[in-house]
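Visitor: Right, I'll just put the structure down here and ask away after.
The values are calculated or read from the model by the stated rules, or taken from the named source; none is laboratory data. All of these numbers come straight from a predicted model, not from anything done at the bench. All Cβ positions, even for glycine, are placed from backbone atoms using ideal geometry, and neighbour counts span all protein chains on display.
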Amino acid sequence: MTSATSPDNSGSTQAQAQPEPKPTQFKLPVVQDDGKDFKTVDEAQRKRATDPAGFYLFGLNNFWHGGIHLNSRSFPQHKDHMPLRCIADGEVIAYRVNEQYFRQPLLNDAGTTESGQLCTSLDFCLVRHDYLSPKRKDPEQAPASKASPPAAPVAIAVKSGESYLVNTQSDPLTIRRSLESSVFDQASNKGKLPRNSRVSVIDGVPRQGGNGMDYYQVKVESTPAGSTVVIGDDVYAPARYLLATRHVVTADSNGRIDPAGDEVIKVGKDSVVELIAQVPVKATRNGKTYTYLPVRVTAAATPANAQGRVAKVGDTLNIIEQNLRAEPLPAPPPVLHEDDLIEQQNAPASPAAEPQGEQNRLCFYSLYMHLAPYEDYQAWEQQHRLQGAIMEVTGNVRLRALQDGSGDPLILASMPIKTLPAGSRVRRTSGSQSAIISGKNGAQDFVRVTPLIQSADQSWHDDPQTGYVVLSNVRDVAQPTQPIPLYWVEQREGVTKGTRNIFDDTKAPVDWLKEGTRIRYQPASRCAHPNRGDLIRCTVMDENAFAGFNGQRSTQGQNFWMELQPGEIHNSVEDQGLAPPDHANPGAESQVHHCSPPIPIKAGDPVGYLSRYDVQTATAKGQQMNSIYWTHLELFSDADDSAINALLDNAAQVNVGKLYLKLIDDPQRPIYLAIKDPGSSGSQPKMLDTHQPVSFEQSVAGSSVPMLIEMSSGASVTDDQGKVWYPSAEQGKYISADAGEVVSQYELRKLGYQTLIESNNSADGFYKQDANSDSDVVAPFFQQLFKAIDTDHDGGVSLTELQLAFQNRSLRDVINRIVPRHPSEWHQPTIEAIKEWVEKRRQHGEERGGWSEGVKALFKTEVERIEKLEFLSQVPEVNAGNGLWHFEPFELVKWLGGGRCEFCPKDIRELSTDIGKYTISKETFDYILETEAYAEFPYVPGASSGITIGYGFDLSAQSKSAVRTMLDGLYTVDEIERFVGVSGSHYTQAAARNVLSSVENISISKVDAMTLALRMKDRYAQKVVDKYPNTIRLHPHAQGAMLSLIINRGNGLTDNPNSSIPEPRREMREIKELLESGPVIDVSDKIRSMKRIWIGDDSVKGLIIRREREAVFFEKGLKCPHYGEQW
């Protein structure tokens, strides 16, 4: 489709279209043990296959279970190491955070309390998601992609008497005089037709040749010069190489007699033209190159602007190729099985449904119930503190072993264990102690430490070699803290170090706080004030905390801005741990915090940790307590039936993402496997039929999930006849592309999804009341499914039966693709039904006898726990009155979130700017680091650079204040000031090399260099959005390309009048205009255009390579439909 800026698209110019909202991103809520994403959803599902409980759809006691359980048996890392993640982009609308677990007494048989309490969490987070699929791509707009499967060769239906061009791209096309021979040989060859030969179809019904290809009988009308085929001959030509000459003009266009000339003939949209030949001609206009094709007008439409010469029937001219579309030909008549004929005769004709919009949409919710309460975070931080304070080595320091610890001072070994490089992390395991190095005089203060080793996942582990280091050569760093849920506002408690100035909300002085004052502060509130320095928001916890003239003023609970010393917060405040978040309930209460306004959250953001769940078990030794850590995850929607069906049916006909070959098990029409002919060679082998049918898994309970073969061009094989094959599950065997139906990942119903509605009008949360009653669900497939799980036929499903069912992949897949509508277990009417059921069980047990007092008492506390779990009555956004639709979470992520393409980023990094998160792809981030390269010591790289440290941090591009801010905590104060003395634009090239010796012995570790790189990227991301704010709306590849460009060239738009290069910042200005007014696709051209500045200078040829890589990254981002706004 031609851009509105094309010189040969003469339609009226329309206003720039608004960018489309970003498609919803998905993430699994869990990660692997090492913190990395699971490679596939199926891999994560297999991890859950042996879970002891918490299965989708079927709960115990014939109760609906709308979610799944994530537990510490399958995912121990989510107990206290890695937080669970939000499953999709959305916004937190409600949560409940308690300071403590809900506790029930551990009772003995007599009903009295034993030592211990049963814990369960009432905490949850509820997120609303407004799902938006990628935008449907119209066929003529869809970009070419290596991931797109090659089209299977199909016979096109043609019209007798129509004219066609031979469309072969390489050798002349071999035609046949006869199709009688089952094996084609030279005797059956009629000759060869060169490309652009014209033929007319004699018989519109195709015939199959001995090679399996479809042929049409045609008459040769004309051929290019040099052909040996006789004009007028009747021959057979392969259908797949015939190109219809008839084309439709898709937009008002300027036709040209000469593509390079100025004479224009206006052609109206929907005009019909005949392609004369496939001989494209390129012409350049306004700096852009266009491709034209020669055509003859056969039906003329009037253009909107009819001034000047307008095309009429018979005119011959050239039209830009992008404004032509081959007229769609009717589909070939299907080959029907005999049994299909009767069914087709009785079926009413139904035209293909029109797409409903360009994107699929659905409002749904994710619930994370039973998250760890605040007391767990307290315990984790306390554990960190018991393990010792984390310190950092400020220079190369010798680690020494203890030689004699009997006296004071201690005596340390003269030979060090090893040398710890600057920047190393250690854990302090003792207080300050006086010691002497053996053989030397003079005692010093030492501290015993355990060196820490950083692994590939960025976590720290103890080094077995411990020893002593000089106290003055290490310094405290921030204590490790547990990542907290995104919807918490982190608040910490601490004690002030020294007296601290405080200010009111207008930043006017109030007084100063006494040393040792207890405060509660928010780390994220830290800000820089031009006159007051760094400030942080705090709440004073002590009374009479003022040290100045307001000493008697009440201070407890008062909020102020407090002055900070330069550097880390812990330089001003001794941290004493995480404080309860706002809106946390004291104890364990049922109160829900309703978020107004909602809190935005992204896929992958932390939502909390698995919580402890205790179960009381009777043993021969009495009552015992068993513990597991778990969270209930549930996806549900209160949308109406039509919205659910629209999603399952892919109503918007989204056609991007993954495609699958769907195979159906039909004994009447088996699908046979093929192998490559061992004797054939080359890229297009001959395929041999094995006469072995594809083996399908047995259907379950009248339902089966189809076999799906992912259609990846990298895995496909095209044989010597042009037929496409895909690898089967059996090694070395292939399935023909025409053996099944091609379906998109968004056609959920075709992938096996089906809806299920509880038919009982008095739905109460049970799909059947008891083992002897009928099911509330009358759907036959559900009743058969229930019977398949209920293997002992006792009318209920036990935990063992559910475990076996979900270990059966076929049965599991059927269950996981059911979308049921049933009452929510978090809704008050359902809670009442559960309480009634518990009461009936209690009465039945008492009537039967044999229950201990402890068991009876347990029923009472269980009812109290169930009542506290209800929360939907406090969330008015959710309409649960008619039941809620439910989805199996992992399965939905697999299909709606699995639409990655070759242009999607492998991972992303988020940088902070004042207008939002600046998101770059891991590929571009790694490229920037690779280009800048890590250096342990300062150096001058050449060109116009200055002294450079770490990963390309150029001191000549920094102000003195920026150097102090960026290097704070990574170097000593003395080292930073030495760097300040050689920073700024005066120290480049020779000037930089002259002063390099003053700093060249200052080292930085790779870990700290990465920290500096991240700080630098934040700063430069801000520079990008300062001049190019629309960049933040682009794909992460494109944002990364712009970041690389600005890091290297800066964001200035004004030319240096003394430059020897004409307009050196011209392209930077043009990029700004393109990002504001479009077309954005031309930005990559401008990046490449900058190469003119360095061409001919071999010393900076790396910059030419860098511009090309940036342009490629930018283009790659624009081709991806899954990230970034669609331009």
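Visitor: Has the range 610-625 got any residue that is in contact with a His (Cβ under 6 Å, 6 or more places away or on another chain) and under 19 Å from Cys119 (Cα atoms)? Talk me through it step by step, then tell me what you get.
Guide: The first filter runs over the range 610-625 and keeps only residues in contact with a His (Cβ under 6 Å, 6 or more places away or on another chain), leaving 610-611.
Checking the rest, the ones that are also under 19 Å from Cys119 (Cα atoms) come to 610-611.
Checked against the condition, which is being in contact with a His (Cβ under 6 Å, 6 or more places away or on another chain) and under 19 Å from Cys119 (Cα atoms), the range 610-625 yields at least one hit.
Visitor: Taking the range 486-522 as the region of interest, how many residues are closer than 20 Å to Leu578 by Cβ, surrounded by fewer than 17 Cβ atoms within 10 Å (Cβ to Cβ) and aliphatic (A, V, I, L, M)?
Guide: 2
Visitor: Would you check which residues across the range 577-588 are surrounded by fewer than 16 Cβ atoms within 10 Å (Cβ to Cβ) and over 18 Å from Val92 (Cα atoms) and list them?
Guide: The answer is Pro586, Gly587.
Visitor: A follow-up question, please. Pick out the one residue from Asn531, Asn544, Asn501 that is assigned to a strand (DSSP E or B), of a type in the set (S, T, N, Q) and either farther than 30 Å from Pro598 by Cβ or in contact with a Pro (Cβ under 6 Å, 6 or more places away or on another chain) (or both).
Guide: Going through Asn531, Asn544, Asn501 in turn, the sole match is Asn501.
Visitor: Kindly indicate the residue of the range 267-294 that is within 18 Å of Pro224 (Cβ to Cβ) and not in a loop (DSSP other than H, G, I, E, B) and also modelled with the highest pLDDT among those meeting that condition.
Guide: Checked the range 267-294; the qualifying residue modelled with the highest pLDDT is Pro294.
Visitor: Would you call Val615 surrounded by 14 or more Cβ atoms within 10 Å (Cβ to Cβ), of a type in the set (Val, Ile, Thr) and either within 25 Å of the chain's Cα centre (by Cα) or more than 25 Å from Val875 (Cβ to Cβ) (or both)? Break it down stepwise before answering.
Guide: Numbers: surrounded by 14 or more Cβ atoms within 10 Å (Cβ to Cβ): no; of a type in the set (Val, Ile, Thr): yes; either within 25 Å of the chain's Cα centre (by Cα) or more than 25 Å from Val875 (Cβ to Cβ) (or both): yes.
No, not satisfied.
Visitor: Taking the conditions exactly as written (at pLDDT 85 or above, in a loop (DSSP other than H, G, I, E, B) and surrounded by fewer than 19 Cβ atoms within 10 Å (Cβ to Cβ)), does Gly732 satisfy them or not?
Guide: Judged against the criteria, Gly732 is a match.
Visitor: If I filter the range 1064-1105 down to residues being at pLDDT below 90 and hydroxyl-bearing (Ser, Thr, Tyr), which single residue comes out as surrounded by the fewest Cβ atoms within 10 Å (Cβ to Cβ)?
Guide: Among residues in the range 1064-1105 that are at pLDDT below 90 and hydroxyl-bearing (Ser, Thr, Tyr), the one surrounded by the fewest Cβ atoms within 10 Å (Cβ to Cβ) is Ser1099.
Visitor: So which residues in the range 227-241 are modelled with pLDDT under 75 and either in a loop (DSSP other than H, G, I, E, B) or closer than 30 Å to Thr302 by Cα (or both), if there are any at all?
Guide: If the condition is that a residue be modelled with pLDDT under 75 and either in a loop (DSSP other than H, G, I, E, B) or closer than 30 Å to Thr302 by Cα (or both), then Ser227, Thr228, Val229, Val230 are the ones that fit.
Visitor: What is the number of the single condition among (1) farther than 30 Å from Asp1008 by Cα; (2) among the hydroxyl-bearing types (Ser, Thr, Tyr); (3) modelled with pLDDT of 80 or more that Ser350 does not meet?
Guide: (3)
Visitor: Which residues, taken from the range 274-309, are β-branched (Val, Ile, Thr) and either touching a helix residue (DSSP H, G or I) at 6+ places or on another chain (Cβ under 6 Å) or surrounded by fewer than 18 Cβ atoms within 10 Å (Cβ to Cβ) (or both)? Can you show your working first?
Guide: Restricting attention to the range 274-309, the residues satisfying the condition of being β-branched (Val, Ile, Thr) are 276, 279, 281, 284, 289, 291, 295, 297-298, 302.
Selection gives Ile276, Val279, Val281, Thr284, Thr289, Thr291, Thr298, Thr302.
Visitor: So if I check each of Asp677, Asp640, which one is loosely packed, with under 15 Cβ neighbours inside 10 Å, closer than 25 Å to Leu892 by Cβ and either in contact (Cβ under 8 Å) with a residue 12 or more places away in the chain or over 25 Å from the mean Cα position of the chain (by Cα) (or both)?
Guide: Asp640
Visitor: Let me ask something else about it. Tell me, which residue of the range 109-142 that is modelled with pLDDT under 75 and closer than 24 Å to Lys894 by Cα is surrounded by the most Cβ atoms within 10 Å (Cβ to Cβ)? Please lay out each step first, then the result.
Guide: Let us first name the residues in the range 109-142 that are modelled with pLDDT under 75, namely 109-116, 137-142.
Keeping just the survivors that are closer than 24 Å to Lys894 by Cα gives 137, 142.
Working: Lys137: 15, Ala142: 13.
Checked the range 109-142; the qualifying residue surrounded by the most Cβ atoms within 10 Å (Cβ to Cβ) is Lys137.
Visitor: A further question follows. Would you pick out the residues in the range 777-814 that are within 38 Å of the chain's Cα centre (by Cα) and of a type in the set (D, E, K, R)?
Guide: Residues satisfying the conditions are Glu801, Arg809, Arg812, Asp813.
Visitor: Please count how many residues of the range 401-456 are touching a helix residue (DSSP H, G or I) at 6+ places or on another chain (Cβ under 7 Å) and either farther than 17 Å from Ile390 by Cβ or surrounded by 15 or more Cβ atoms within 10 Å (Cβ to Cβ) (or both).
Guide: Adding up the residues that qualify gives 4.
Visitor: Could you list, in sequence order, the residues of the range 591-617 that are under 29 Å from Val540 (Cα atoms) and modelled with pLDDT under 90?
Guide: The answer is Ser596, and nothing else.
Visitor: Is there a residue in the range 1067-1076 that is assigned by TED's automatic domain parsing to the domain that holds Ile920 and within 25 Å of the chain's Cα centre (by Cα)?
Guide: So far as the range 1067-1076 goes, yes, one or more of its residues are assigned by TED's automatic domain parsing to the domain that holds Ile920 and within 25 Å of the chain's Cα centre (by Cα).
Visitor: Right, something else. Would you be able to say whether some residue in the range 215-237 is surrounded by 17 or more Cβ atoms within 10 Å (Cβ to Cβ) and acidic (Asp, Glu)?
Guide: no
Visitor: May I pose another question? Out of Ser366, Ser414, Ser430, Ser406, I need the residue that is modelled with pLDDT under 80 and either in the same structural domain as Ser1003 (by TED's automatic domain parsing) or not in a helix (DSSP H, G or I) (or both). Which one? Even if it seems obvious, please write down each step before you answer.
Guide: Values: Ser366 fails: modelled with pLDDT under 80; Ser414 fails: modelled with pLDDT under 80; Ser406 fails: modelled with pLDDT under 80.
Every option except Ser430 fails the conditions.
Visitor: Right, here's the next one. Restricting to the range 946-981, name every residue that is modelled with pLDDT of 85 or more, hydroxyl-bearing (Ser, Thr, Tyr) and either part of a helix (DSSP H, G or I) or crowded, with 16+ Cβ neighbours inside 10 Å (or both).
Guide: The answer is Thr948, Tyr951, Ser956, Tyr971.
Visitor: Additional query: Tell me, please, whether a residue that is more than 30 Å from Asn1048 (Cα to Cα), out of contact with any Pro (no Cβ under 8 Å at 6 or more places or on another chain) and outside any loop (DSSP other than H, G, I, E, B) can be found in the range 916-937.
Guide: Going residue by residue through the range 916-937, those that are more than 30 Å from Asn1048 (Cα to Cα) are none.
No, the range 916-937 contains no residue that is more than 30 Å from Asn1048 (Cα to Cα), out of contact with any Pro (no Cβ under 8 Å at 6 or more places or on another chain) and outside any loop (DSSP other than H, G, I, E, B).
Visitor: A further question on this structure: Residues in the range 437-444: is at least one at pLDDT 70 or above, aliphatic (A, V, I, L, M) and more than 25 Å from Ser1005 (Cα to Cα)?
Guide: Residues of the range 437-444 that are at pLDDT 70 or above, as a first pass: 437-444.
Filter once more, so that each one left must be aliphatic (A, V, I, L, M): 437, 443.
Going one step further and asking which of them are more than 25 Å from Ser1005 (Cα to Cα), we end up with 437, 443.
Taking every residue of the range 437-444 in turn, at least one turns out to be at pLDDT 70 or above, aliphatic (A, V, I, L, M) and more than 25 Å from Ser1005 (Cα to Cα).
Visitor: For the range 718-729, state whether one or more residues are among the aromatic types (Phe, Trp, Tyr), farther than 26 Å from Pro355 by Cβ and either modelled with pLDDT under 75 or in the same structural domain as Gln784 (by TED's automatic domain parsing) (or both).
Guide: No, that holds for no residue.
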